[in-house]
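One structure below.
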Amino acid sequence: MKIDPKIKNSAQNILIIQTAFIGDVILITPLIAAVNKLFPKAKIDVMVIPETSGILENNPRVNKIIKFDKRKNKFFSFLKTLKTLKNNKYDIALTPHSSMTTAFLMFLAKIKIRVGFARWAARNLLTHKIPHLKNVHKIEKNLYLISPFTDEKFSIQTELFPTTEMQNKAADIISTFDKSVIKIIAIAPVPIGLQKNGPKIIMRN
């Protein structure tokens, strides 16, 4: 179901929620860019957990980062975050994270347009339920959350905006490497989610 095009001009405050892990937050950066392009007059806030907030701290498209510390005193953090969301008076909320906690926060904050994936119990608290596409990259799934607003296709390129301090630190580390190395590839060999681990023989090697 398409949303009234007038919303593009009237929406002033938009919230994007991803309270999973670092990789998941990186994968919503194309969504942030797309929302910024689609709603150029709106302020975009992003809700994440404290551990992943650094990924977005230097992102020029993000107005404000809301830290939901769901792993430490979840009930108190829920109430504190709910108060923040209410005060910010969001017109639209987009969530790639299909959790009941997220859905309740959006619902109790009385965000008029709540967009998420049509899966699990959380979908019952959404105003717009988006199919969770299969056999496509996760970034494309995330971008499909804005399909009620437009049919336009957006870039799937992720974005990171390291500070000068971060860049200098990285340069210091790289300077210690073998100078004969032509290319440097960085990997995260042990992800938090066990379902993302490779075969044992590969991980061991």
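Read-outs: derived from the displayed coordinates by stated rules, not from any lab. What you see is a predicted model, and the numbers here were worked out from it, not measured in a lab. Counting neighbours? That spans all protein chains shown, and the Cβs are built from the backbone with ideal geometry, glycine included.
Some notes on this structure:
- Rounded Å value of the spacing that divides the Cα centres of the stretch 83-148 and the stretch 1-42: 11
- Separation of the residue 69 and residue 150 label points, Cα + 7 Å toward Cβ, nm: 3.7
- Taking the fewest neighbouring Cβ atoms within 10 Å as the starting point, the ordered list for 166, 47, 106 is 166, 47, 106.
- Listing 10, 98 from fewest to most neighbouring C-beta atoms within 10 Å gives 10, 98.
- For the stretch 1-126, the fraction of alpha-carbon pairs in successive 5 Å shells from zero, as %: 2, 11, 22, 25, 23, 12, 4, 1, 0
- Fewest-first sequence of 127, 19 by Cβ atoms within 10 Å of each Cβ: 127, 19
- Length released on extending from residue 174 to residue 134, taking residue separation times 0.36 nm less the Cα-Cα span: 10.6 nm
- Between residue 8 and residue 100, the contour length at 0.36 nm per residue exceeds the alpha carbon distance by 30.4 nm.
- Cleavage-rule hits (GluC sites (Glu not before Pro)) in the stretch 73-182: DSSP loop, at most 11 neighbouring Cβ within 10 angstrom: 152
- Longest stretch of the chain clear of exposed loop sites (chymotrypsin sites (Phe, Trp or Tyr not before Pro), DSSP loop, at most 14 other Cβ atoms within 10 Å, sites excluded): 1-119.
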